[in-house]
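Participant: The structure is given below, and queries will be raised subsequently.
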Amino acid sequence: MLRLTILLFLVMFVIGTDTFLISPLIPTLQQLFHIPTESAGWMVGAYALGYALFALIAGPLSDGWDRKKVMLSGMVCFSVSTLLCGFATGFWSMFLFRFLAGVSAAFTAPQVWASIPALIPTPKIAKVSGIVMAGVAASQAFGIPIGSLLASIHWSYSFFTIGTFALFVAIFIYYALPEMKPDQGQITKSPIFSRYIPLLNSPMARRAFFAHFLFQCGFFASFSFIGKWVTDRFHLPIDQAGYVMFFLGLGNIVGSLCGAYVIKTLNRFNTLVAGILVSIACFIVLPHLPSVAAFESVYFFIFVTMGIAFPLILGLLNSLNPTIRGTISSLASSIMYAATTLGSWIAGLIYASFNGFSAVGLFAASCFAGSLLLFIFSGILASDAKTKKEFAA
């Protein structure tokens, strides 16, 4: 089990690192490729676009295939696409390669969350999910510093390094991951999008996925403007703002690693309710804190809470219907990227139009409040037996 846990951790780490890798490179690439400011963000958005679009297809397809082959193929394509980014000669070639990397990640990452309940004993699922989630958290903490360090030598080295590392992870998948072929009774020849019908027909699933959307929308709206806020409020230079992000990423790692113990102590319902309520209070007070240290301390706690809550939410969503875990994982990922795009856009509008980060904090708190109410009234926090009974009906 240890070998599988390490493998799944590395898959999420390398995909997450590539997501954040290009952020510190934007000024350099903008100057190098003569890209106007209003278009530069699409070098990040191309990855999210490819992921969000193809995750909806990848999930239903993977439910009828061997998950090992899907994960291996996806990681190899991810490695090649990322390496090609280092050879980009202009905006459109970079856009294409980033888009392809996002498509590859859309096939790879959902297999991780779908594989955990299939390969890990039930009592260990929460613990392993937390460790794997720490891979995403570690990428948040180290992605920007890694990108900045390598880019100081040459901008392409960032992509070459991550692409090569992804290839080694693909080799690890080949040798360490067992086959996960679907049961013959679960294979269906129904159209791809018809596999979402069990989710669309379930009030519990609809409310739970909308709650997931609001949760991610609020978090990433706030997350997107941390750097700008600490720069505007506390006049930090860019490198020190990056250290703030590194520190917050460590909070996510702490939450991911201790999440299983917290859930075991408090149970799923109390953990999620307490975490979201405390985060709402933190979002409201954040803009009014007098120092960088106070801001970091409160936001560190938010990231600890997110590290606990995010794998818990994914586990709840995957419990909706065990026969379509790939579809569920892909839909959850697609929703997360859609929420990230929308939340960041809305945060930018209200940050500029209203009272800066105060408005963003209130928006995030409102999203979290709506998310909590939907999770409670969806019934997903009830027993697994109730969940299965609804889908059987």
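Participant: I'm trying to understand the selection: among the residues of the stretch 102-130, which are among the aliphatic types (A, V, I, L, M), more than 15 Å from the chain's Cα centre (by Cα) and part of a helix (DSSP H, G or I)?
Facilitator: 116, 118, 119, 125, 126, 128
Participant: A follow-up question, please. Restricting the first residue to the stretch 355-371 and requiring it to be closer than 10 Å to residue 222 by Cβ, which pairs with a second residue that is among the polar types (S, T, N, Q) meet a Cβ separation below 7 Å and a spacing of at least six or different chains?
Facilitator: 360/222; 361/222; 364/222; 368/279
Participant: Here's a check for you: in the stretch 346-377, which residue that is touching a helix residue (DSSP H, G or I) at 6+ places or on another chain (Cβ under 9 Å), open to solvent by 60 Å² or more (accessible area, probe 1.4 Å) and part of a helix (DSSP H, G or I) is farthest from residue 229 (Cα to Cα)?
Facilitator: Looking at the filtered set, the residue picked out is 377.
Participant: Among the residues that make up the stretch 73-90, is at least one of them more than 20 Å from the chain's Cα centre (by Cα), open to solvent by 50 Å² or more (accessible area, probe 1.4 Å), over 21 Å from residue 161 (Cβ atoms) and of a type outside the set (Ser, Thr, Tyr)?
Facilitator: Within the stretch 73-90 (the criterion being more than 20 Å from the chain's Cα centre (by Cα), open to solvent by 50 Å² or more (accessible area, probe 1.4 Å), over 21 Å from residue 161 (Cβ atoms) and of a type outside the set (Ser, Thr, Tyr)), the answer is no, since none of the residues qualifies.
Participant: Restrict the check to the stretch 259-275 and report whether at least one residue is free of Cβ contacts under 8 Å to residues at least 24 places away in the same chain and at positive phi.
Facilitator: Checked the stretch 259-275: at least one residue is free of Cβ contacts under 8 Å to residues at least 24 places away in the same chain and at positive phi.
Participant: Can you tell me which residues in the stretch 319-345 are open to solvent by 10 Å² or more (accessible area, probe 1.4 Å) and either at positive phi or of a type in the set (Val, Ile, Thr) (or both)?
Facilitator: 323, 324, 335, 340, 341
Participant: Would it be correct to say that residue 139 is open to solvent by less than 10 Å² (accessible area, probe 1.4 Å) and within 13 Å of residue 10 (Cα to Cα)? Working first, answer last.
Facilitator: Numbers: open to solvent by less than 10 Å² (accessible area, probe 1.4 Å): yes; within 13 Å of residue 10 (Cα to Cα): yes.
In short, yes.
Participant: Part of a helix (DSSP H, G or I), at pLDDT below 70 and open to solvent by 30 Å² or more (accessible area, probe 1.4 Å) - does that describe any residue in the stretch 164-175?
Facilitator: So far as the stretch 164-175 goes, no, none of its residues is part of a helix (DSSP H, G or I), at pLDDT below 70 and open to solvent by 30 Å² or more (accessible area, probe 1.4 Å).
Participant: Among residues belonging to the stretch 240-278 that are open to solvent by 10 Å² or more (accessible area, probe 1.4 Å) and hydroxyl-bearing (Ser, Thr, Tyr), point out the one that is modelled with the highest pLDDT.
Facilitator: 271
Participant: Taking residue 308 as the residue in question, decide whether it is touching a residue at least 60 places away in the same chain (Cβ under 8 Å), touching a Gly at 6+ places or on another chain (Cβ under 7 Å) and either charged (D, E, K, R) or open to solvent by 30 Å² or more (accessible area, probe 1.4 Å) (or both).
Facilitator: Working: touching a residue at least 60 places away in the same chain (Cβ under 8 Å): yes; touching a Gly at 6+ places or on another chain (Cβ under 7 Å): yes; either charged (D, E, K, R) or open to solvent by 30 Å² or more (accessible area, probe 1.4 Å) (or both): no.
Here the answer is no, as residue 308 does not meet what is asked.
Participant: Only residues that are open to solvent by 10 Å² or more (accessible area, probe 1.4 Å), of a type in the set (Gly, Ala, Ser) and more than 17 Å from residue 313 (Cα to Cα): list them for the stretch 105-130, please.
Facilitator: 118 - this is the single residue of the stretch 105-130 that is open to solvent by 10 Å² or more (accessible area, probe 1.4 Å), of a type in the set (Gly, Ala, Ser) and more than 17 Å from residue 313 (Cα to Cα).
Participant: Any chance the stretch 279-297 includes a residue that's closer than 27 Å to residue 114 by Cα, among the hydrophobic types (A, V, I, L, M, F, W, C) and crowded, with 20+ Cβ neighbours inside 10 Å?
Facilitator: Within the stretch 279-297, not a single residue is closer than 27 Å to residue 114 by Cα, among the hydrophobic types (A, V, I, L, M, F, W, C) and crowded, with 20+ Cβ neighbours inside 10 Å.
The values are calculated or read from the model by the stated rules, or taken from the named source; none is laboratory data. Source: prediction; values computed, not measured. Glycine also receives a Cβ, built like all others from the backbone with ideal geometry; neighbour counts cover every protein chain displayed. Just so you know, the surface numbers come from the protein's heavy atoms only, side chains and all, with ligands and any DNA or RNA stripped out. Shrake-Rupley method; radii C 1.70, N 1.55, O 1.52, S 1.80 Å.
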